[in-house]
Structures are given as C-alpha cells and as structure tokens.
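Here the structure comes first, spelled out in structure tokens, and everything after it is commentary.
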Amino acid sequence: MDTIITNIKGIYPFKAGSQGALRGEEMRNVKPIENGFISIADGKILGLGNMSEMNLSELPRDTEIVDARGQFALPCFVDSHTHVVFAEPRHTEFVDRIKGLTYEEIAKRGGGILNSAKKLQAASEDQLYIDAMQRLEELMRLGTGAIEVKSGYGLTVESELKMLRVIKRLKEDSPMVIKSTFLGAHALPPEYKDNRKGYIDLIINEMLPVIKEEGLADYIDAFCEDGYFTPEETELLIKEGAKSGLKAKVHVNQFNSIGGVKTCVDNKAVSVDHLEVLTDQDLELLKSGNTMPVALPSCSFFLSIPYTPARKIIDSGLPLTLATDYNPGSTPSGNMQFVTSLASIKMKMLPEEAFAASTINGAFAMEVENEVGSIEPGKRANIMLTQPMDSLDYFPYNFGNTNLDKVFINGALIA
Ligand code: NIG
Ligand code: FE
C-alpha cells in the first residue's frame with residue numbers, strides 16, 4: 001500500500017554533494033525541510049516537500065496517512081562495514097580483557113579471529129543463515145536499511161565459500177540492500193603458520209576463481225596490520241581481486257600505520273576502514289586520492305583503543321563514513337544509533353556530520369548511492385521517523401535510549 005507521511009517537523013534529505021559524498025563543511029551544512037511531507041509509492045520515494053505543496057487528491061484513495069507531528073525524518077542508516085555472519089559470540093574473551101589481557105594478546109594465544117573461525121567451520125550453512133538473518137532483522141528495527149557483510153571467519157576454501165553463500169542468501173531474502181565482501185585474508189590459519197605464501201596462493205588459486213564463477217562477492221578485503229597481512233600481500237590481493245571483478249575495501253591502521261593507506265589509495269580502493277591510527281602522511285595520501293575513509297567508533301569503544309581522528313579528516317576537506325564493524329570480537333553491536341552518539345561524544349562530530357557519515361556517505365562507501373542513503377524521489381523508501389524531539393541534536397545526545405518511533409524499509413513499516 002502507498003503511504004504519505006505528513007506534518008513532519010523536519011526532513012533531513014542528506015543529498016549527495018557536488019563531488020559525490022559529503023565532504024568537509026558540506027557534512028554540517030545540511031538544512032531540514034520544515035513542516036514537510038514524504039509520499040511513498042511502490043516501495044520508493046515519490047515526492048517530498050513542504051506541507052503547503054502537498055496535494056492529497058493526487059494520491060490513490062487507499063493511501064495510508066502517517067502523521068509525524070514533532071518528529072524528524074531521516075534516511076535509514078547505511079552500515080558499510082560489518083561481519084554479521086558468525087557462529088558464536090566471544091564473551092569469554094571479553095572477560096579475559098576485563099581481567100587485563102589485550103585484544104592482541106588474546107589473538108596471539110589462538111583466540112580472536114581464529115577462535116571464531118574454529119566455531120564457524122563447525123557450523124552449518126543453514127544455522128549461520130538463520131542467525132545472521134535474525135541479526136539483520138534486529139538491525140532494521142534499529143534503523144539500518146543497507147549493510148555490507150564480510151566473510152573472513154572461514155579461513156579454509158570450504159568455509160570461506162560457505163560464509164559467502166550465506167551472504168548471497170541474505171541478499172536474496174532480506175529487504176535490505178546488501179553488499180558482500182570476501183575477507184579470506186582476515187588472519188593466517190594455524191596450519192599455514194610457517195607458510196604465508198601457501199595461504200595467499202590458496203586465496204588466489206582456490207577461493208577467488210569460485211567466488212568469480214558463482215558471483216559470491218562484490219569486494220575484496222584484507223586485514224592489513226602487524227601480525228596479520230603486510231601492505232605487499234594486501235596489494236597482491238587487491239590486484240588479484242580486481243582480476244575477478246572485485247574492488248577493494250580494506251581494514252587498515254587499526255593498531256599501527258604500516259603503509260596500508262598508501263597501498264589502498266594507490267590501488268584505488270573504494271574505502272579504507274578503521275584508521276584509529278592515522279599519521280599526517282596517511283592524511284595527505286587520503287587527500288590525494290579518491291578512497292573513502294571509514295571510522296568504526298564502536299570498535300574503539302569496546303576495545304578501549306583510540307578513536308579515528310574525525311575532526312582532522314573532516315577539517316581537511318575530506319569525506320568521512322561511519323559504520324559499526326559488528327562482529328563477535330571487537331564490536332558485538334550493530335547499533336548505528338549508538339555509533340552517532342559515540343561520533344559526537346568521542347570524536348567531536350556535530351550531529352549533522354554524524355548523520356551525513358552514517359547515511360549518504362555510507363552509501364558511497366558501498367557504492368549504493370543511487371539506491372539508498374538519502375531521501376530523494378526515486379530512491380528506496382528507507383526512512384526513519386524519530387521520536388518527537390525539538391532538534392536533531394537530541395538524537396546523539398540521548399545515547400543508549402530509543403530515538404526512533406518508526407522505520408520504513410522499501411516503504412514497508414517494519415518497526
Ligand atoms: O574489524 N580487525 C579485524 N577484524 C575485525 C575483528 C575481528 C574479530 O576480532 O573477530 C575488526 O575489528
Ligand atoms: Fe572489521
């Protein structure tokens with residue numbers, strides 16, 4: 001059924017900027033349409049504007065009217081970095097960290113990603129699918145309308161493909177827009193401890209051809225970090241991925257700056273994600289290229305590591321995207337509402353900047369900007385209506401509490 005949302009206190013469309021993603025000052029110079037309406041037909045946004053321009057007689061007679069007095073309308077969140085397919089949570093490691101071990105120490109003794117891989121290898125494809133779908137349903141209720149999902153807890157040919165097939169099924173069955181990223185190079189499996197090249201060869205010769213053949217991924221990723229994969233290995237994987245039609249979205253600079261940003265900018269990666277550690281040279285490289293920086297503040301919060309220097313990035317005129325990093329080890333939360341709060345509280349991002357980074361810029365970070373990320377005619381009707389509030393500033397301020405009244409995904413009311 002078609003819908004019209006009326007009497008909206010303010011609509012924040014978050015349209016793209018002149019050069020694509022919103023960058024620098026553009027991120028905060030966004031103005032709402034006051035006292036507005038949004039009409040929805042066939043799951044898409046038909047029109048929007050001021051109430052004085054609304055003409056109800058033009059709409060089909062069975063159009064549902066939703067009154068949004070005192071509420072703001074925002075595009076649904078676009079979460080461009082997650083690991084939402086996993087077998088089990090890792091709260092035992094969480095307690096180990098409370099007792100004093102670091103994330104890196106836990107990883108070194110076989111916990112971390114390798115722990116998740118062991119569990120995922122033993123899980124059935126159907127169970128992984130059911131669990132991940134349930135997580136996606138919860139995320140939609142929290143306002144997320146599009147999401148990127150990575151493999152990377154398989155680490156064998158069979159299990160990496162199993163993960164990617166789960167993501168493919170999620171794409172087919174979920175109303176969300178989903179992109180799939182192949183992260184075979186997430187960690188070196190123990191059986192390849194002394195044979196790094198052997199594992200990279202396995203990725204290139206055994207995994208990528210099947211991924212290409214079955215259309216199992218949109219992007220390639222690697223964990224470019226001390227103790228994981230080097231910039232040279234990352235570069236090789238980006239190049240091999242490109243041969244299979246995969247662009248790159250890469251984990252870089254989570255703990256150390258080891259040259260991953262340069263590798264990614266040089267190889268025209270779509271995004272570089274994490275960037276908790278960012279040198280001045282890295283910033284200059286980002287300014288020279290077209291690669292989207294992506295910050296994951298819930299990961300910083302959960303691991304008590306530095307936050308990505310958002311002010312430095314935005315004030316140098318760059319765009320910035322925010323995503324959750326939802327995964328069982330470093331970020332057991334896919335709540336983008338909490339991400340906007342952390343961005344404001346910990347990274348000094350203004351509320352408008354936090355939403356620009358979580359909506360339209362996220363859409364650019366997963367190349368779905370023509371479909372989602374803003375409230376514009378022709379796009380999917382992925383719209384959040386806030387609780388009544390006097391200003392958008394209240395939303396990130398009101399952290400940990402419910403900010404949403406309704407969520408529409410493809411025009412359907414889901415919460
Ligand atoms: O983005 N940093 C690498 N990968 C994930 C964490 C994976 C895990 O601990 O399971 C991340 O934080
Ligand atoms: Fe991640």
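The values are calculated or read from the model by the stated rules, or taken from the named source; none is laboratory data. Just so you know, these numbers come straight off a predicted model, no measurement behind them. As a convention, Cβ positions derive from the backbone with ideal geometry for all residues, glycine included, and neighbour counts pool all protein chains shown.
Mind checking whether some residue in segment 315-333 is assigned by TED's automatic domain parsing to the domain that holds K108, among the charged types (D, E, K, R), at pLDDT 95 or above and surrounded by fewer than 24 Cβ atoms within 10 Å (Cβ to Cβ)?
Yes, the conditions are met somewhere in segment 315-333.
Hey, which of the helices (runs of 4 or more DSSP H) in segment 96-142, taking only ones fully inside, have at least 2 residues that are among the polar types (S, T, N, Q) and either under 25 Å from the mean Cα position of the chain (by Cα) or over 30 Å from N382 (Cβ atoms) (or both)?
On the way: elements: 103-108, 112-122, 125-141.
Those helices (runs of 4 or more DSSP H) span 112-122, 125-141.
Under 25 Å from E104 (Cβ atoms), part of a helix (DSSP H, G or I) and in contact with a strand residue (DSSP E or B) (Cβ under 7 Å, 6 or more places away or on another chain) - does that describe any residue in segment 320-334?
The answer is no, given that none of the residues of segment 320-334 is under 25 Å from E104 (Cβ atoms), part of a helix (DSSP H, G or I) and in contact with a strand residue (DSSP E or B) (Cβ under 7 Å, 6 or more places away or on another chain).
Being over 24 Å from the mean Cα position of the chain (by Cα) and either in the same structural domain as V339 (by TED's automatic domain parsing) or closer than 18 Å to I313 by Cα (or both), is that true of even one residue in segment 265-273?
no
Name the single residue, out of those in segment 185-219 being closer than 18 Å to R165 by Cβ and within 14 Å of ligand 2 (Cβ to nearest atom), that is surrounded by the most Cβ atoms within 10 Å (Cβ to Cβ).
The residue in question is H186.
Can you tell which of I238, I220, I200, I204 is free of Cβ contacts under 8 Å to residues at least 40 places away in the same chain and not in a helix (DSSP H, G or I)?
I220
Only one of I98, I38 is outside the structural domain of V272 (by TED's automatic domain parsing) and of a type in the set (V, I, T); which?
Among I98, I38, only I38 is outside the structural domain of V272 (by TED's automatic domain parsing) and of a type in the set (V, I, T).
May I ask you to verify whether E225 is more than 18 Å from H274 (Cα to Cα) and of a type in the set (D, E)? Reasoning before the result, please.
Details: more than 18 Å from H274 (Cα to Cα): no; of a type in the set (D, E): yes.
It is false that E225 is more than 18 Å from H274 (Cα to Cα) and of a type in the set (D, E).
Considering segment 60-105 alone, what residues qualify as being within 16 Å of ligand 2 (Cβ to nearest atom) and modelled with pLDDT under 95?
Of everything in segment 60-105, those that are within 16 Å of ligand 2 (Cβ to nearest atom) and modelled with pLDDT under 95 turn out to be Y103, E104.
One line per residue, one yes/no per condition, for (1) closer than 29 Å to Y394 by Cβ; (2) of a type in the set (A, V, I, L, M); (3) within 13 Å of ligand 2 (Cβ to nearest atom):
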{"residue": "K268", "(1), (2), (3)": "no, no, no"}
{"residue": "T331", "(1), (2), (3)": "yes, no, yes"}
{"residue": "K346", "(1), (2), (3)": "yes, no, no"}
{"residue": "S358", "(1), (2), (3)": "yes, no, no"}
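Run F72 past the list (1) surrounded by fewer than 17 Cβ atoms within 10 Å (Cβ to Cβ); (2) closer than 24 Å to L322 by Cβ; (3) touching a residue at least 24 places away in the same chain (Cβ under 8 Å); (4) not aliphatic (A, V, I, L, M) and report the number of the one that doesn't hold.
Failing condition for F72: (1).
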